[in-house]
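Everything on this sheet refers to the single structure shown next.
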Amino acid sequence: MAEAKGGGVKKVLYTLDTVRRIGVAKSAKALTGKNACKACGLGMGGQLGGMTNELGEFPSVCNKSVQAQATDIQPGIPREVFEHTLDELRELSARELEHAGRLANPIYKAAGEQRFRELGWDDAMALAAERFSAVDPARAFFYASGRSSNEAGFLLQLLARCWGTNNVNNCSYYCHQATSVGLSSTVGTGTATVELADLSGADLIFVIGANPASNHPRFIHQLLACRERGGEVIVINPAREPGLVRFAVPKSTKSMLARGGSDIASLYLQPRIGSDLALFKALAKALLEGGHVDETFIDHHCRDWAAFRADIEAASWPSLLDACGLERGEVEDVARRYGASRATVFAWGMGMTHHRHGSENVEYLANLALLRGMIGRRHAGLLPLRGHSNVQGIGTIGVKPVLASEVIARLEQELGMAMPAGPGFDTLAALEAAHAGAIDAACLMGGNLYAATPNSAWASAALDRIPFKLYLTTTLNQGHLHGIDSGDALILPVTARDEEPQPTTQESMFNYVRLSDGGITRLPGVRSEVAILSELGARLLPDHPVDFTAYGDHERIRQTIARTVPGMEALADISVARREFHVRGRTLHEPSFRTEDGRARFRVRALPEEPAGPATSAGAGQAAWPLMLASVRSEGQFNSIIYEETDSYRYDAERRAVLLCPDDMRALGLEPGSLVDIRSRDGLMRNAVVRPFDLPPGNALAYYPEANCLTALERDPRSRTPGFKSVRVRLERGGRPLH
C-alpha cells in the first residue's frame, strides 16, 4: 500500500469545488453567519461568527462544515421525482438521495400506496393530529437526532409527556450513551470534564477508538498543536488510520508544506477489536508496577481504590496480553509516557462505546485518569468525541426516556401538571416494541433511524409495522423509503439551522451553549420544527393546561428550560445578552466530583466472556466465525449521510469494501479487488470488495450503514448501546466459507 495521509491539497481543492458548485456568495453567507456549525459536536460558530470557535480562533472550519452547508443550499426536489414508486426511489444510493435536493413541501404516502404525493400544510397538520389522537400514548414513541435545536428538542419531549408518554428517545442511545453511563458511575457527570481551552495546556492527548481525521477534522488541529509545543499524542485503535499518522492541516502553512504533512501520533497502539478492557487493565498494571500512581490524590478524592488495586494485581500479564494481542513492552512504553505527563486528556469515540461492554470501557478510561489525578484540574480530564452538533444538547434538555427527579419536580411545578409515571422506551426498545406490533405511531425528528439501527432487515420490518410515521426532515434519506410499505408515512420539510425564523441554541461536546441567529430564507414551503410541534400540540391537546400555541415562541421555551433544567439557567437571557456559556456544574477544574460524597469511584469489572483474539485460541464455536468486524465511517460521510462513494483516507476504498489484514488475505488466497460474501450469525453482505488495510490479524472493517445487514441486536445491558463494532463474521464464496 502506498503512503497515505489525511488532509492536504486535495481536501482544500475538494472544498473549493464544493463552494464553487453552490455559489461563492451563498457559501460565504452560510459559513460566516452567526450560526453554530451543523456538523460534529466539536462546535464552532454562534455569536463569534460562523468560522470562529469559543476561543476566538479563525478560521475554524472544515470539509464537514462545507458539506453540510452544501446540502442545505440545494434547491427543492423536483416534483417529478415523486411520480416514481418506492421501489424506484430505493434504487438511488444514499449519496444520490442526499444530492437530490431539499424537501420543499409536505409529502404523504398512504397505507397500501407505493408513491408519495404532495399535501398542503393545513391538510398535513390535520392528518398528523388526527392520527396521533387515535392512538394510545403508551403505543407511540418520539425520536430526535442531534441535528435539532435545544428549543425543538425540549418542545418534542414536552409534547410527548403532556400527551401521556415517556417513550422519548434520541440517537445518543446508538452512540455515546455508554459514555454517559460510564462517566456517571465514576465521576458523577455524563459529559466532558474539560473545555476547549484545556487542550491548549495538555502535554499528552490520548485518542482512543476514534478517527477524528475523518469524523472531527478540526480536532486534528488541536492534536498538531500539542505535538508542536513538545507534547505527545498516543493513538489506540485497531486500525492504523493514515490521517492519525500524518495529516496536512490546511490551517497550518507549515503542515501543508511539509512532505507528507505533519506527524500526528507520537505512538500508535493497535489492540484487537473488542479487547479494550484487557488493554486498560494491562496499562493500569504497568502504571502500578512503574510507580506512576498519585496516591495522595487517590486518598483524598477517590473511593474503592483497594478493590481496584487488588483486581489489577491479581490479573496476570500473559492473560491480558493474550487478550489484546500486544507486547508487554508496548504497554509499558505507554505507561512511561503517561507517567511523565503533567496534564493528560483522554479523548475517545464510538470504538469504545459500540460494544457489549461499552459502559465498562468508559469506566476504565476514568479509572486510568484517576490513577494519576488527571481529572479535577485544568488542562487534564475526559473528552468524549460527540458526533452530531447538538446531540449532547438534545440529552441535556430532556429528550430521553427517564428524567432526573429534580427535573420532573421542576417541570411539574412550572407546568402545573403531573408528568407521566414510569420509564419510557430507549431507542432500540422502541423498535423492539414496534417489531412486536406494540407501536401504532411514531414522530421522528431528523436523522435516519432505519440506517442507524443494527440488523437492517430487522429494522425495516420493525418500522414497517408502525401504522403511522411522522417525519420532520430537510432532505430525503433511505430512512424515509425503507420500512414504510405497509403503513402511512407523512414527511414534513423543515428549516435548516441558519434558516430558523427565530434564534436557536446548541450545545457542543465541551458543554458550551451557542446561540444561532438563523434568518436565511431559501425555500418558501418549509417550516421550523418548533412551529410544527407547537401546532401539533395545539391540535392534539386543545384543552391542556400547557398552551402549545404560546410555545411556538423560542424565547418562551428557553425561559422554561432555564427554570427546569439544572445548569441551563444562563439560557434565560441568551437572546438578549448574546452571552454564550458553559453548562454550569460540568467542567471539572477542581477535584470535587458530582457524586453524593464528592469523591470519584474506581470501578472493577471482569473481562468480557468472549475472547477477542483469533479463532485459534477461542474454540470451535468462534472458529466458525474467525473474523471480528467493526463497522466504521468513511471520510466522505457524516453519521449516516453519504457525501462521497469512496474513502479518500483509506486508499479510496469503496463503500461496499471489506478491509482486511494483508496476512489474512494471503492466508485466504485473496487479492485486492477480490469479491467475497461476508456472513454473520444475523445477516449476509454479498459481493464485498476486498481491500488491504493495516489491522491486527483476525480483524476486519466494513462501512456503516452498509454493514448493518451483519450487525445484531446484542447491546450493552447498561447503556442499551448496540455492538456495532464487535461482530463475528466469516468470508464466503459461493456459499462456502473461506479457510
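Among residues of region 369-421 being polar (S, T, N, Q) and touching a residue at least 12 places away in the same chain (Cβ under 8 Å), the one that is nearest to Glu569 (Cα to Cα) is Thr396. If the condition is being basic (Lys, Arg) and open to solvent by 20 Å² or more (accessible area, probe 1.4 Å), then region 93-132 contributes Arg95, Arg115, Arg117, Arg131.
Pairs are defined by a Cβ separation below 6 Å, a sequence spacing of at least 6 or placement on different chains, a first member in region 582-607 that is of a type in the set (Val, Ile, Thr), and a second member that is modelled with pLDDT of 95 or more and assigned to a loop (DSSP other than H, G, I, E, B); the pairs so defined are Val583/Asn511; Val583/Gly567; Thr587/Glu195; Thr595/Gly188. Checking every residue in region 285-303 against the condition of being of a type in the set (Asp, Glu), modelled with pLDDT under 95 and surrounded by fewer than 19 Cβ atoms within 10 Å (Cβ to Cβ) gives zero matches. The set of residues in region 525-553 that are within 30 Å of Gln69 (Cα to Cα) and without any contact (Cβ under 8 Å) to a residue 60 or more places away in the chain comprises Ala531, Gly552, Asp553. Of the residues in region 465-477, how many are open to solvent by less than 10 Å² (accessible area, probe 1.4 Å) and of a type in the set (D, E, K, R)? Residues flagged as open to solvent by less than 10 Å² (accessible area, probe 1.4 Å) and of a type in the set (D, E, K, R) within region 465-477 amount to 1. Report yes if Gly446 is buried (at least 20 other Cβ atoms within 10 Å of the Cβ) and either more than 26 Å from His176 (Cβ to Cβ) or in contact with a Phe, Trp or Tyr (Cβ under 9 Å, 6 or more places away or on another chain) (or both), otherwise no. So Gly446 passes the test. Of the residues making up region 628-650, not a single one is more than 25 Å from the chain's Cα centre (by Cα) and farther than 30 Å from Gln177 by Cβ.
Cβ separations smaller than 6 Å between residues 6+ apart or across chains give the following pairs from region 616-635 residues that are within 21 Å of Arg736 (Cβ to Cβ) and in a loop (DSSP other than H, G, I, E, B) to residues that are at pLDDT below 80 and of a type in the set (A, V, I, L, M, F, W, C): Pro626/Ala615.
Residue by residue, here is whether (1) within 20 Å of the chain's Cα centre (by Cα); (2) modelled with pLDDT under 95; (3) on the phi < 0 side of the Ramachandran plot holds:
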{"residue": "Gln392", "(1), (2), (3)": "yes, no, yes"}
{"residue": "Ala421", "(1), (2), (3)": "no, yes, yes"}
{"residue": "Ala433", "(1), (2), (3)": "no, no, yes"}
{"residue": "Gly437", "(1), (2), (3)": "no, no, no"}
{"residue": "Tyr450", "(1), (2), (3)": "yes, no, yes"}
{"residue": "Gly483", "(1), (2), (3)": "no, no, no"}
{"residue": "Ser486", "(1), (2), (3)": "no, no, yes"}
{"residue": "Thr495", "(1), (2), (3)": "no, no, yes"}
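Of the residues that sit in region 71-92 and are at pLDDT below 95 and polar (S, T, N, Q), which one is surrounded by the fewest Cβ atoms within 10 Å (Cβ to Cβ)? In this case the residue turns out to be Gln74.
Count of region 157-181 residues, restricted to those that are of a type in the set (Ser, Thr, Tyr), closer than 19 Å to Leu431 by Cα and open to solvent by less than 20 Å² (accessible area, probe 1.4 Å), is 3. Could you tell me whether region 346-353 includes any residue that is under 17 Å from the mean Cα position of the chain (by Cα) and open to solvent by 20 Å² or more (accessible area, probe 1.4 Å)? Yes: one or more hits.
Okay, residues lined up against (1) without any contact (Cβ under 8 Å) to a residue 60 or more places away in the chain; (2) of a type outside the set (A, V, I, L, M); (3) out of contact with any Pro (no Cβ under 7 Å at 6 or more places or on another chain); (4) closer than 25 Å to Ala496 by Cβ:
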{"position": "Tyr108", "(1), (2), (3), (4)": "no, yes, yes, yes"}
{"position": "Ala124", "(1), (2), (3), (4)": "no, no, no, yes"}
{"position": "Leu127", "(1), (2), (3), (4)": "no, no, yes, yes"}
{"position": "Arg147", "(1), (2), (3), (4)": "no, yes, yes, yes"}
{"position": "Thr165", "(1), (2), (3), (4)": "no, yes, no, no"}
{"position": "Leu183", "(1), (2), (3), (4)": "no, no, yes, no"}
{"position": "Val187", "(1), (2), (3), (4)": "no, no, yes, no"}
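Taking each residue of region 69-98 that is closer than 23 Å to Gly483 by Cα and touching a residue at least 40 places away in the same chain (Cβ under 8 Å) and looking for partners that are among the small types (Gly, Ala, Ser) and surrounded by 12 or more Cβ atoms within 10 Å (Cβ to Cβ) with beta-carbon atoms closer than 7 Å, six or more apart or interchain, yields Ile77/Ala100; Ile77/Gly101; Ile77/Ala104.
Does Ile264 fit the bill of being modelled with pLDDT of 95 or more and either more than 21 Å from Ser631 (Cβ to Cβ) or more than 23 Å from the chain's Cα centre (by Cα) (or both)? So Ile264 fits the description; yes. Given the structure, is Tyr651 aromatic (Phe, Trp, Tyr) and surrounded by fewer than 23 Cβ atoms within 10 Å (Cβ to Cβ)? It is true that Tyr651 is aromatic (Phe, Trp, Tyr) and surrounded by fewer than 23 Cβ atoms within 10 Å (Cβ to Cβ). Based on what the data block shows, is Gly45 within 27 Å of the chain's Cα centre (by Cα) and not hydrophobic (A, V, I, L, M, F, W, C)? The answer is yes for Gly45.
Looking only at region 664-693, residues that are open to solvent by 50 Å² or more (accessible area, probe 1.4 Å), farther than 23 Å from Thr711 by Cβ and in contact with a strand residue (DSSP E or B) (Cβ under 9 Å, 6 or more places away or on another chain) come to 2 in all.
Only one of the numbered conditions (1) out of contact with any strand residue (DSSP E or B) (no Cβ under 6 Å at 6 or more places or on another chain); (2) not in a helix (DSSP H, G or I) is not met by Phe247, and that is (1). Those helices (runs of 4 or more DSSP H) of region 319-398 in which 3 or more residues are within 20 Å of Ile220 (Cα to Cα) occupy 350-353.
For region 715-734, filtering for residues that are farther than 15 Å from Asn699 by Cα, open to solvent by 10 Å² or more (accessible area, probe 1.4 Å) and assigned to a strand (DSSP E or B) leaves 2.
Residue-wise test of (1) of a type in the set (Asp, Glu); (2) touching a Gly at 6+ places or on another chain (Cβ under 6 Å); (3) within 18 Å of Trp163 (Cβ to Cβ); (4) open to solvent by less than 10 Å² (accessible area, probe 1.4 Å).
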residue	(1), (2), (3), (4)
Glu432	yes, no, no, no
Ala438	no, no, yes, no
Ala459	no, no, no, yes
Leu463	no, yes, no, yes
Gly479	no, no, no, yes
Ser486	no, no, no, no
Ala489	no, no, no, yes
Val494	no, no, no, yes
Arg497	no, no, no, no
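Residues in region 590-600 that are closer than 15 Å to Arg372 by Cα and open to solvent by less than 50 Å² (accessible area, probe 1.4 Å): Pro591, Ala600. Screening Leu541 with (1) under 19 Å from Leu490 (Cα atoms); (2) in contact with a Phe, Trp or Tyr (Cβ under 7 Å, 6 or more places away or on another chain); (3) surrounded by fewer than 21 Cβ atoms within 10 Å (Cβ to Cβ) gives one miss only, at (1). Residues that are within 24 Å of Phe425 (Cα to Cα) and charged (D, E, K, R) do not occur anywhere in region 368-381.
Flag set for Arg556, criterion: surrounded by fewer than 23 Cβ atoms within 10 Å (Cβ to Cβ) and either more than 28 Å from the chain's Cα centre (by Cα) or without any contact (Cβ under 8 Å) to a residue 12 or more places away in the chain (or both).
The values are calculated or read from the model by the stated rules, or taken from the named source; none is laboratory data. Note that the structure is a prediction, hence the values are computed from the model and not measured. Neighbour counts run over all protein chains shown; Cβ positions are idealised from the backbone, glycine included. Side chains are part of the model used for accessible areas, which takes the heavy atoms of the whole protein and leaves out ligands, DNA and RNA. Shrake-Rupley method; radii C 1.70, N 1.55, O 1.52, S 1.80 Å.
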